[in-house]
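Read the structure below first, then the notes.
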Amino acid sequence: MAERPAGDPARPGTRGLHVLFLCTGNSARSIMAESLLRQMGGGRLVAHSAGSRPAGTVNPYAIDQLLRSGLPVDGLRSKSWEEFAAPGAPALDLVITVCDNAAGEICPIWPGHPLTAHWGVPDPAAVDGDDDTKRRAYADACERLAARIARLVRLPIDRLDPPTLQSELREIGRASNSGSPAASPPAAAR
């Protein structure tokens, strides 16, 4: 994983693991994942999100879902993944795609050569229907992301070598979340 000076501004006195969540538009799933990890990461994991073709705005249903879950929305914005490949960008440790389109795209060369994984989540923005149907799709996506992020947060990351961590990240992405008690936003966020 990328080396970072001990005085990481994200968490004074610690290194902090930087995690980038990617999807194509960076308007819903990756934004929700960023907010969830901010809440659940306890400061040892630093959350970021970006898109290959950013929408330019955060989907209002995503913001609504985050607010309903008591999750942070301050500073969330739709942005290009190029920001994280540019000089001066935070050194990334983990890059996780949350949509199938982004997983299939050729990503930039990330400084520090972070570990990668794919955690595909159905696109709630693609759901047709009334407001309640759309809200349920966003809630489902948020729950699935929350379950996976809860598993990430529980990993003994400091004790895992890169190949083992890579394997664990990929397993989280393959795991089914249906019926899991961890498949809802954190209790503090409900």
Neighbour net charge for Ala175 - beta-carbon separation under 14 angstrom, K R +1, D E -1: +3
Net charge, Thr116 excluded, C-beta distance under 11 Å - Lys, Arg +1, Asp, Glu -1: 0
Neighbour net charge for Ala150 - beta-carbon separation under 13 angstrom, K R +1, D E -1: +3
Theoretical gain in end-to-end length, Arg53 to Thr164 [0.36 nm per residue, Cα-Cα removed]: 36.8 nm
Solvent-free Debye scattering, log10 I(q)/I(0), computed from the Cα coordinates of segment 42-133 at q = 0.15 Å⁻¹: -0.71
Long-range amide H partners of Phe21 with built H, under 5 Å: His48, Ser49, Ala50, Ile96
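Computed from the coordinates by the stated procedures, all read-outs in this text should not be read as laboratory data. Just so we're clear, the structure is a prediction, and the values are computed from it rather than from any experiment. Counting neighbours? That spans all protein chains shown, and the Cβs are built from the backbone with ideal geometry, glycine included.
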